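Read through the structure below, which is laid out as structure tokens, and then see the notes.
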Amino acid sequence: MGSLKKVGRPREPGRVFRFDFYYRFIPGQDPPELETLLEAIVQAKGRKRRDILRAALLGGAQQARETATRVEDSADASLFEEMFEDF
């Protein structure tokens, strides 16, 4: 038999996450900036959508860590620590 050829581009390293869910924006409860971000994600395609999600997730994770650091002495500190213990 002949040799097998690899077709297509090589696999990139890492793990793939698929998001398949709905998010209900609630005016008055959710800030308007969140609605703007959600609209941008919905309208973006391909790599741009990935870049928007990545920036939002990284920014949120950093903000949560900073909040956890500020509330180390409160009851909320353990909740934040549990959420981010794998990071």
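Shown is the FRET efficiency for residue 37 and residue 11, computed with R0 = 30 Å from the Cβ-Cβ distance and rounded to the nearest 0.05: 0.50. Summarising the label geometry, the points placed 7 Å from Cα in the beta-carbon direction at residue 45 and residue 61 lie 2.9 nm from one another. Around residue 30, which amide H atoms from residues at least 5 apart in sequence, or from another chain, sit under 5 Å from its own amide H, with H modelled in the peptide plane? Hits under the 5 Å cutoff: none.
Ordering 18-24, 45-51 by mean Cβ neighbour count within 10 Å, with the highest value first, yields 45-51, 18-24.
Values in this text are rule-based calculations from the coordinates and carry no lab data. Everything numeric here is computed off the predicted structure, so don't read it as measured data. Every residue, glycine among them, receives a Cβ derived from its backbone with ideal geometry; neighbour counts consider all protein chains shown.
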